[in-house]
Amino acid sequence: MTPLSKSDAGAGPGPLSYLDEASLPLPFCPGCGHAKVTRAIDEALVILGRPRERVVVVTDIGCVGLTDRHFDTNAFHGLHGRSITYASGIKLADPGLTVLVVMGDGGAGIGGAHLLAAARRNIGICVVVANNFNYGMTGGQHSCTTPPGGVTATCHLGNLEAPLDLMGTLRPSKPGFLARTSVFADDVPALIARGLATDGFSVVDIWDLCVAYYAGQNTLTRNTIGDLMTDLDMPAGVHFEGARPEFARAWRDLYHPAETADDEGMCLLPLDAGLAPVAESALKKRTGILIAGAAGQKIRSLATILGAGAIMSGLHATQKDDYPITVLTGHSAAEVLISPEPIVYTGIEIPDVVLILSEEGRARVARKLAVLPPESRVYVEAGLGPVETPARVIPLGLKGAAQSVGRLAIGAVGVGTILAAEGIYPLEAFEAAARRLQKQKVADTNIAGLRAGAALAR
Amino acid sequence: MIEFLEGNDAVVRGALDAGCRFFAGYPITPATSILTGMMRAMPEVGGLAVQCEDEIASIGMCIGAAMTGQKALTATSGPGMSLYSENIGLAIMGETPLVIVNVQRQGPATGSATKGADGDILFMRWGTSGGLPLIVLSPESVGECYTLTRKAFDLAERFRVPVILASQKEVGLTRERVDLDAARDACAPSRPRAVAPADQPYVPHAFDKPDDVAPLSPIGGPHLVRYTTSMHDERAWLTGDPAVIARMMEHLRRKIDDHADEIARFEWAPDEGATTLLLAYGVTARSARDAVARVRAAGGRVSLLVLKTLFPVPEGAIRAALAGVSRVVVPEMNLGQYAREVRLLADGREVRSVTRMDTELVSPEDVIREGGLL
């Protein structure tokens, strides 16, 4: 990850122009405002004076997306409406870069979610919207900013949609800088320079004429563009200046420890202590265990400890969970497969052992219970009543045994019962796994439950 | 060190060990734990992880970060792959190294969000406009989620192309015993980014032979870097010249397809005298292994080819495995997608597709019975 470099802080006198003279003239229609926008961006960059190598011009699709290739800076020309996403990735990775996005009203419309998110994040990129009220590149269709009644190729009797007010929409997010102007005003370079200098997200909404399509059909001219602002109640000027922390820096300040070395090498994470064996198991064959309980019974973490305990007994284990999207209600079930041999196929076609802890769990596995063979064992909380299955049913007072330990301990009690009754592996391995992987209080509860369950089985 | 981990955990570890220091993603079952794992892990290694407004922004940010020199990762499931589609094309066009994990779930559309399938296999290869190649790897275990994530980063750097790890719920969210230290020791050192020399002019898409891959220069580094979604020449300048476009298309195709053997990873377990080949990948390869053991224990003969590289299709390995057999059985957790690729190489041999897309694993019994192996 690129650190913030000192050379990014102060800027000496920069180039006299950031345009690539060899690429001129600009490709825009005679009279199109995009040429003025391009020149204004160049003037703004000159005001800022950053080294060319530290400037990135990001564009997307639309006529104004042709500008990037005329800048003698880094240039990134991406997919329609997505320029803010590329610019954000660039800024996040290298926060010292000056990142400028140039898009049209088309890009602002299709990429609206990115505009909103970038403003909320306050990520340090400057977005210049060359806003000419229609899609010029594809022949003058209406856009998100076409004024009411405006005539375009896709609303030849007049636009019925309300135009998007970029300033009004983004202002509540309190980004770094928001301003609107028209391409005929004198303040365009200065406003873009202020946007570029902002330590946060900035948008400069520049109203512009599409001479090929929009302006002629709608009698929009240099002289009437100000009236349109008045009519739509979307005035020119600075609409917001904020001082929230810039996202790329704020993220580093919050999440990065003071002395983080990026050594690009091996994983620096503090790894869990391993699950080296602490016990031996006499288990001879692959054993599939199905635990069927309810949300809140800690089935998933319990299944993980059950599997980890197997591994700490020198066995192999897999675990799969089954729970609804809304995790605090309904069933929670887990399949744990334990085997003295490496586990190849991870499916449990016929569970050897089923543990039923709640009504929700029983309902969830009813289909499987109905087809169990007689040799499978079903351990069930006695309070749940009879279980319909050809397998051997073992009702136990799990709930009662759990009462002395804690309300959440019924699962651990059940697992203790299974481990003791089935002799899958020694209890000490489960206890060691709980101590290794769980917080002390949780491990204490599970171990107490395990022992209560084992006593119940005896 | 022995641990009890999910495939998604192993992806996070593999990415970090590969030198990945940028992650952007959007929550989606069953890939979310890669996002949350990265949010936790990245600060510890001086990297950066961000949750985005949608999947389009996730891959877009990764492409931007990758072009500043970062090894970048994003992770999603089928619906998110659909939103990645256009930007996968951009990464191909701009020759951006990028790793994408697709923890597949049963589809189409929202499908069974918490259940597994391999329904995106052809979509991953063909899911962006233009039809140019990328690389798809398929892990069958938690350990392979680690090793193939490492490999995916290496291949992305080697070929400057997006590499997709075709995981799925039954691998990503299944916990199993694994020793990632041993897996790490078995991996080749991670491939560093090849960086263009600072003292020479930089040509972003330079090649002499069509299959050459140019080194990158980071945006913000010593060169001015140009990048474009539009048809361009070696210098990333727009072009409409059919001869130049043909050259660039040949480059983007041949840098991958000419190296299919180099990219191919597979396990080949021939059975002398077998007339049936079992060809499998992903979690279903585990069912196939189990089925092979049962068939051989019962005195039957069957050869097994397990593919880790799905695209480019490892044609050499498949043709070699086909020699001497009269039929092929291809079990898959979809309606028979990769079997289509196998048929293209089968030279008239019977290709029997064993399919299941009801969210259950294809069982070893399914493979044996429907594959007619015993």
message: I'd like the Karplus ³J(HN,Hα) series for the stretch A:314-326: coefficients 6.51, -1.76, 1.60, θ = phi - 60°, whole numbers in Hz, and an x wherever there's a Gly or Pro.
response: x, 9, 9, 8, 10, 9, 10, 10, 9, 8, x, 4, 8
message: Could you give the length gained by full extension between B:Glu365 and B:Arg254, i.e. 0.36 nm per residue of separation minus their alpha carbon distance, to one decimal place?
response: 35.9 nm
- request: Please give the average number of partner chain Cβ atoms lying within 10 Å of the Cβ of each residue in B:73-79, rounded to a whole number.
  value: 0
task: Starting from the amide H of A:Thr152, placed 1.01 Å from N in the peptide plane, find each other amide H under 5 Å away whose residue is 5 or more places distant or on another chain.
output: A:Gly158
message: Under 5 Å between amide hydrogens, which residues at least 5 positions from B:Thr228 or on another chain qualify, with H placed 1.01 Å from N in the peptide plane?
response: A:His77
- prompt: Once both labels are modelled 7 Å past Cα along the beta-carbon direction, what's the A:Asp231-B:Ser85 spacing in nm?
  reply: 4.0 nm
task: At a temperature of 20 °C and a viscosity of 1.002 mPa s, determine how fast the stretch B:1-47 diffuses translationally according to Stokes-Einstein, using the Kirkwood radius over alpha-carbon pairs as Rh; express D in µm²/s, rounded to the nearest whole number.
output: 194 µm²/s
query: Per residue of B:49-62, what is the mean number of Cβ atoms on other protein chains within 10 angstrom of that residue's Cβ?
result: 6
query: Efficiency by 1/(1 + (r/R0)^6): what FRET value for A:Ala162 and A:Lys441, r their Cβ-Cβ distance, R0 = 51 Å, to the nearest 0.05?
result: 0.35
task: Using only atoms on other chains, find how many Cβ atoms lie within 10 Å of each Cβ of peptide B:287-300 and report the average.
output: 1
message: Among DSSP bridges having both ends in the stretch B:263-357, what percentage is antiparallel? Round to the nearest 5.
response: 20 percent
task: Would you grab the residues whose amide H sits under 5 Å from the one on A:Leu275? Only those 5+ places off in sequence or on another chain, please, with H modelled 1.01 Å from N.
output: B:Ile2, B:Glu3
task: Could you order peptides A:369-381, B:237-249, B:62-74 by the average number of other Cβ atoms within 10 Å of their residues, highest first?
output: B:62-74, A:369-381, B:237-249
statement: Scalar couplings 3J(HN,Hα) for the stretch B:130-144 by Karplus 6.51 cos²θ - 1.76 cosθ + 1.60 (θ = phi - 60°), nearest whole Hz, x for Gly and Pro, are x, x, 7, x, 9, 10, 10, 10, 9, x, 10, 8, 4, x, 6
- prompt: What length, rounded to one decimal in nm, is gained on full extension from B:Ser112 through to B:Ser129, with 0.36 nm per residue of separation minus their alpha-carbon distance?
  reply: 3.4 nm
query: Tell me which aspartates and glutamates have Cα within less than 13 Å of B:Lys169's Cα, excluding those fewer than 8 residues away on the same chain?
result: A:Asp321, A:Asp322, B:Glu6, B:Asp9, B:Asp118, B:Asp120, B:Glu140, B:Glu360
task: Would you be so kind as to identify which of B:Pro97, B:Ser82, B:Ala31 lies farthest towards the positive end of the dipole of the stretch B:31-120, taking Lys and Arg as +1 and Asp and Glu as -1 on Cβ and the Cα centre as origin?
output: B:Ala31
- line: For chain B, the longest principal axis of the Cα atoms and the Cα long axis of helix B:32-41 enclose an angle in degrees, to the nearest 10, of 50 degrees
field: Relative packing of peptides B:319-330, B:272-283 - highest average C-beta neighbours within 10 Å first
entry: B:272-283, B:319-330
Packing rank of A:218-230, A:42-54, A:446-458, A:292-304, where each peptide gets the mean count of other beta carbons within 10 Å, highest leading: A:292-304, A:446-458, A:42-54, A:218-230
field: In order through the stretch A:341-358: 3J(HN,Hα) via Karplus (6.51 cos²θ - 1.76 cosθ + 1.60), integer Hz, x for Gly, Pro
entry: 9, x, 8, 8, 7, 9, x, 10, 5, 10, x, 7, 9, 10, 10, 10, 10, 7
message: Between helix A:299-311 and chain A, what is the angle of the helix's C-alpha long axis to the longest principal axis, kept within 0 to 90° and rounded to the nearest 10?
response: 70 degrees
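Just so you know, all these numbers are worked out from the coordinates, no wet-lab data involved. It should be emphasised that the depicted structure is a prediction, and the values quoted were computed from it without experimental measurement. Every residue, glycine as well, gets a Cβ built from its backbone with ideal geometry; the counts of neighbours run over all protein chains shown.
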